[in-house]
Amino acid sequence: MRSIVVAALFAASAATPALAQDKAPFTGARVEALAGWDRVQNNGHDDGIGYGLGVGYDFQTGMGLVGVEAEATDSSVKQCVGSTTVADPRLCAKAGRDLYVGGRVGAVVGGSTLLYAKAGYTNARAKLTGNDGTGTVGLGSTDLDGVRVGVGAEYAITGNSFVKTEYRYSNYENGFSRNQVTAGFGFRF
């Protein structure tokens, strides 16, 4: 009986590394840093840099993937009109924080590359300021609800690190929209 138990323990310990190697590279919790080009449009457009953090959890089954994700980002985009005089005050709208929650579906290609599409809810803040030549005055901020869709590619560098790039389009209320091309680097747990 003792030899059967020893043989079973030996077989289990020998099989464990093989099972660990079979783990799907895109499964589990992830955290990532994001940065890239950001364009906000509403009666014209302005470009800037978007940056932030994202988290998510993915379930890979075979070559398919389903995941949930959330992001908190900010932007350098600022659009102004006017010339800072009393007759023509300068009004500026600056893109503020952007919160996103959604999901993604994808397919693993070649074992270490994931191609995916994403969609979800986004809420962006726009900060308004004015300047009539006597100084800048805060005019408040407004939150804009919207929908985001996008496509991307993610590459597993090691068992727990990855790089990604994606294009995303967000359509907000009141005629605002946003186009972004974002790169990311992250870790899986």
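Couple of notes before you dig in:
- Residue with peak Gaussian network fluctuation, the chain [Cα springs, cutoff 10 Å], from Asp46, Asp143, Asp132: Asp132
- Working note: Karplus 6.51/-1.76/1.60 with θ = phi - 60° gives the stretch 149-160 the couplings 10, x, 9, x, 9, 10, 10, 7, 6, 10, x, 10 Hz, where Gly and Pro are set to x.
- Taking amide H positions as modeled 1.01 Å from N, with prolines and chain starts lacking one, the residues under 5 Å from Arg97 and 5 or more places away or on another chain are Arg125.
- Couplings 3J(HN,Hα) for the stretch 51-58, derived from phi with the Karplus relation 6.51 cos²θ - 1.76 cosθ + 1.60 (θ = phi - 60°), are 8, x, 10, x, 9, x, 9, 10 Hz, where x marks Gly and Pro.
- When its C-alpha radius of gyration is set against 2.2 N^0.38 Å (N residues), the stretch 113-189 gives a value of 1.56.
- Between helix 2-21 and the chain there is an angle of about 30 degrees, using the helix long axis and the longest principal axis of the Cα atoms.
- Taking Cβ atoms as reference points and 15 Å as the exclusive limit, the residues near Asp132 contribute a net charge of 0, counting Lys and Arg as +1 and Asp and Glu as -1.
- Residue-wise HN-Hα couplings along the stretch 134-147, as the Karplus relation 6.51 cos²θ - 1.76 cosθ + 1.60 with θ = phi - 60° gives them from phi, are 9, x, 8, 10, x, 9, x, 9, 9, 9, 10, 7, x, 10 Hz; Gly and Pro carry x.
- Spatial separation of Cα centroids for the stretch 129-189 and the stretch 71-87, in angstrom: 16 Å
- Proximity of backbone amide H atoms, modeled 1.01 Å from N, is registered between Thr84 and Arg90 at under 5 Å, excluding neighbours fewer than 5 places apart on the same chain.
- Scaled against the 2.2 N^0.38 Å expected of a compact globular protein of N residues, the Cα radius of gyration of the chain reads 1.44.
- In the full protein context, the chain carries 54 Å² of accessible surface per residue, based on a 1.4 Å probe and ignoring ligands, DNA and RNA.
- The chain - mean residue ellipticity at 222 nm from DSSP helices (-39,500 (n - 2.57) per run, n ≥ 4, rounded to 500): -3500 deg cm²/dmol
- Lysine pairs with alpha-carbon atoms under 25 Å apart, the chain, spacing 8 or more or separate chains: 6
The values are calculated or read from the model by the stated rules, or taken from the named source; none is laboratory data. Keep in mind that this is a model prediction, so the values were computed, not measured. Methodologically, a virtual Cβ is constructed for each residue, glycine included, from the backbone with ideal geometry; neighbour enumeration extends over all protein chains shown. Heads up: the accessible areas ignore ligands, DNA and RNA and are worked out on the full protein's heavy atoms, side chains in. Shrake-Rupley method; radii C 1.70, N 1.55, O 1.52, S 1.80 Å.
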